[in-house]
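The values are calculated or read from the model by the stated rules, or taken from the named source; none is laboratory data. Keep in mind the model is a prediction, meaning the values are calculated, not measured. Heads up, the Cβs are rebuilt from the backbone with ideal geometry, glycines too, and the neighbour counts pull from every protein chain shown.
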Amino acid sequence: MTRTIACGAVVMLALAAMPPAYAADVEPVIVADPWIAPPAFSARRTYNWTGFYVGLVAGGAFGHADWTSVPDATSGSVNANGGQFGGTLGYNLQTDGPFVLGIETDIAASSVKGTVPAATCVFNCQFTSPWLATARLRFGYAFNDILPYVTVGASITRLNASINGQPLGTERANNLSWVAGVGVEFVLVGPLTGKLEYLYADLGGFTCNFACNGPVSVNAHENIVRAGLNYRFARN
């Protein structure tokens, strides 16, 4: 019994004599606060999206047009499709974090067209959209050099209508409406970026009278899928 007590006393003395630095050698366990964002974003970020840019866009459009013919009391919906090619001008402003606010304008020549089979049109009324312009806000969240975004704004387009093969002239209207979509932009090399974009554009409507043996009313919408190449003037 005396020997056991003596051994215990020796162990206790050895623990008491252990250098206090031993405890400091043990790495502390750090528990992350779920309500505080890690401060490492600005340190990791190597690309800043702020600056003016110009670019080119190209793609295709497909959609439909609802039509109503007053003389023969008929109506329906027809498909429309074609290509687009144009230019872009814009500006991005990136915050200290990943959020990017931008404004973008573009105008594109368009070959979108469709035909309305109303009986009063004889050989069908053809409607076309020879150009489309937009002015939009962009809201993005940057993953360094990749920028997904949503966009919304105004559109203006020219709509033409006439009867195929008939010398009755063409009637036209410039329509102001709205457009919205999503996209992703990404750095290619240096100041060059590429983008893929989807837009839904409400082209509005107009009524073709004499040129369509009308009145024949058309209300058109289109889906636009396009790619772009931008040159950004402000470099990192």
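Whether any residue in the range 70-79 is exposed (fewer than 15 other Cβ atoms within 10 Å of the Cβ), aliphatic (A, V, I, L, M), over 17 Å from the mean Cα position of the chain (by Cα) and at pLDDT below 95 is what I want to check.
Our first condition is that a residue be exposed (fewer than 15 other Cβ atoms within 10 Å of the Cβ); within the range 70-79, this holds for 71-73, 75-77, 79.
Then keep just the ones that are aliphatic (A, V, I, L, M); that gives 73.
So of that shortlist, the ones also over 17 Å from the mean Cα position of the chain (by Cα) come out as 73.
If we keep only those that are at pLDDT below 95 too, we end up with 73.
Yes, the range 70-79 has at least one match.
Name the single residue that is nearest to Phe85 (Cα to Cα) among those in the range 128-181 being of a type in the set (Val, Ile, Thr) and touching a helix residue (DSSP H, G or I) at 6+ places or on another chain (Cβ under 7 Å).
First pass over the range 128-181, keeping only residues of a type in the set (Val, Ile, Thr): 128, 134, 146, 150-152, 156-157, 163, 170, 179.
Checking the rest, the ones that are also touching a helix residue (DSSP H, G or I) at 6+ places or on another chain (Cβ under 7 Å) come to 163, 170.
On the way: Ile163: 26, Thr170: 24 Å.
The extreme case among them is Thr170.
Which condition from (1) surrounded by 14 or more Cβ atoms within 10 Å (Cβ to Cβ); (2) among the hydroxyl-bearing types (Ser, Thr, Tyr); (3) within 30 Å of Gln94 (Cα to Cα) is the one that Tyr141 breaks?
All conditions are met except number (1).
Can you give me the number of residues within the range 214-231 that are farther than 21 Å from Val179 by Cβ, surrounded by fewer than 23 Cβ atoms within 10 Å (Cβ to Cβ) and touching a Phe, Trp or Tyr at 6+ places or on another chain (Cβ under 8 Å)?
Residues meeting the conditions: 2.
Which residues, taken from the range 193-221, are assigned to a strand (DSSP E or B) and at positive phi? Please lay out each step first, then the result.
To start, the set of residues in the range 193-221 that are assigned to a strand (DSSP E or B) comprises 193-208, 216-221.
Passing the criteria: only Gly204.
Pick from Asn48, Asn92: which is farther than 22 Å from Val182 by Cβ and modelled with pLDDT of 90 or more? I'd like the intermediate steps shown before the answer.
Working: Asn92 fails: farther than 22 Å from Val182 by Cβ.
That would be Asn48, the only listed residue that is farther than 22 Å from Val182 by Cβ and modelled with pLDDT of 90 or more.
Can you tell me which residue within the range 195-236, out of those that are touching an Asp or Glu at 6+ places or on another chain (Cβ under 7 Å) and among the small types (Gly, Ala, Ser), is nearest to Thr50 (Cα to Cα)?
Gly228
Among the residues of the range 75-97, which ones are hydroxyl-bearing (Ser, Thr, Tyr), assigned to a strand (DSSP E or B) and farther than 30 Å from Cys125 by Cα? Steps first, please.
Narrowing the range 75-97 to residues hydroxyl-bearing (Ser, Thr, Tyr): 75, 77, 88, 91, 95.
Subset that is assigned to a strand (DSSP E or B): 75, 77, 88, 91.
Passing the criteria: Thr88, Tyr91.
On the given criteria, is Phe99 among the aromatic types (Phe, Trp, Tyr) and more than 18 Å from Tyr198 (Cβ to Cβ)?
Judged against the criteria, Phe99 is a match.
Just checking, how many residues over the range 169-214 are over 22 Å from Ala133 (Cβ atoms), among the hydrophobic types (A, V, I, L, M, F, W, C) and at pLDDT 90 or above?
Final tally of qualifying residues: 6.
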